[in-house]
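Asker: Take this structure first; my questions come after.
The values are calculated or read from the model by the stated rules, or taken from the named source; none is laboratory data. Predicted model, so just to flag it, every value in this text is computed and none were measured. Here the Cβ is made from the backbone with ideal geometry for all residues, glycine too, and neighbour counts use every protein chain on show. Areas reflect the complete protein model, heavy atoms only, side chains present, ligands, DNA and RNA absent. Shrake-Rupley method; radii C 1.70, N 1.55, O 1.52, S 1.80 Å.
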Amino acid sequence: MNEVHPPGGPPVGKVWIVGGPGCGKSTLAGLLAEPGAPLVRLDALFWGPGWTPVPEDTFLAEIRKALETRGWVVDGQFPAAVAAFAHTADCVVWVDTPLRVAWPRLLRRTLRRWIRREELWGGTRETLWTVVGPRSILWYALKVRADQQRANLELFARLSETGVRLIRFRGGDVRNLVGRIAP
């Protein structure tokens, strides 16, 4: 079931998309981003070379700068960023894709990046170790799923009385959401 609170609502110019790895956040963000409005990929701001996080104050300052425009789409679930800025959105979308859909999608994406040697944030590339080792996004996705779901329930509860439009999408194909969010 998909939940929208408040139902309907005005067109949105500031959209924050949260959800676990492989859920479709980046796909939805790319579909919603409009010319001239920034598409803010939190992974690109958070990760430095070798999967090293940038200092939190640097990370938050970069987000603050990106959100100074009239409209934007943010893709990401880093706790410090969500706590500091999610309330500034017109709409927060929780893409709560079932694990049976998200995890195979994440596996395919991670293997593709590794095989093609695609450059990621901070100039990093997937290695065999980051695909199957203890710091793998695949294992991370399983490890943090319950915590992220709990955090998103708390986020929605906190924002429910603020007038921010809240959408929890439990389907698999985020393209079905675009007409309900875009102005």
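Asker: Just one of the numbered conditions (1) within 25 Å of ARG150 (Cα to Cα); (2) open to solvent by 20 Å² or more (accessible area, probe 1.4 Å); (3) not in a helix (DSSP H, G or I); (4) not acidic (Asp, Glu) is not true of GLY22; which one?
Answerer: Just one mismatch for GLY22, condition (2).
Asker: When you look at THR110, is it farther than 23 Å from PHE59 by Cα, open to solvent by 60 Å² or more (accessible area, probe 1.4 Å) and among the hydroxyl-bearing types (Ser, Thr, Tyr), yes or no?
Answerer: No; evaluated as a whole, the condition is false for this residue.
Asker: Which numbered condition in (1) of a type in the set (A, V, I, L, M); (2) closer than 27 Å to LEU106 by Cα; (3) open to solvent by 10 Å² or more (accessible area, probe 1.4 Å); (4) at pLDDT 90 or above is the only one that ALA29 fails?
Answerer: (3)
Asker: Take the residues in region 113-133 that are under 19 Å from the mean Cα position of the chain (by Cα) and assigned to a helix (DSSP H, G or I); name whichever of them is surrounded by the most Cβ atoms within 10 Å (Cβ to Cβ).
Answerer: The extreme case among them is ARG113.
Asker: Determine which single condition LYS14 fails, assuming it passes every other condition in (1) surrounded by fewer than 18 Cβ atoms within 10 Å (Cβ to Cβ); (2) at pLDDT below 95.
Answerer: In the conditions (1) surrounded by fewer than 18 Cβ atoms within 10 Å (Cβ to Cβ); (2) at pLDDT below 95, LYS14 misses (1) alone.
Asker: Please find, within region 84-100, the residue that is farthest from the chain's Cα centre (by Cα) out of those that are surrounded by fewer than 16 Cβ atoms within 10 Å (Cβ to Cβ) and over 21 Å from GLU161 (Cα atoms).
Answerer: The selected residue is ARG100.
Asker: Here are ARG100, ARG109: which of them is out of contact with any helix residue (DSSP H, G or I) (no Cβ under 8 Å at 6 or more places or on another chain), closer than 22 Å to PHE46 by Cα and either not aliphatic (A, V, I, L, M) or not in a loop (DSSP other than H, G, I, E, B) (or both)?
Answerer: ARG109
Asker: While we're looking at this one, here's another question. For region 39-70: of the residues being assigned to a loop (DSSP other than H, G, I, E, B) and open to solvent by 50 Å² or more (accessible area, probe 1.4 Å), which is nearest to TRP129 (Cα to Cα)?
Answerer: So, considering only residues that are assigned to a loop (DSSP other than H, G, I, E, B) and open to solvent by 50 Å² or more (accessible area, probe 1.4 Å), the one nearest to TRP129 (Cα to Cα) is PRO55.
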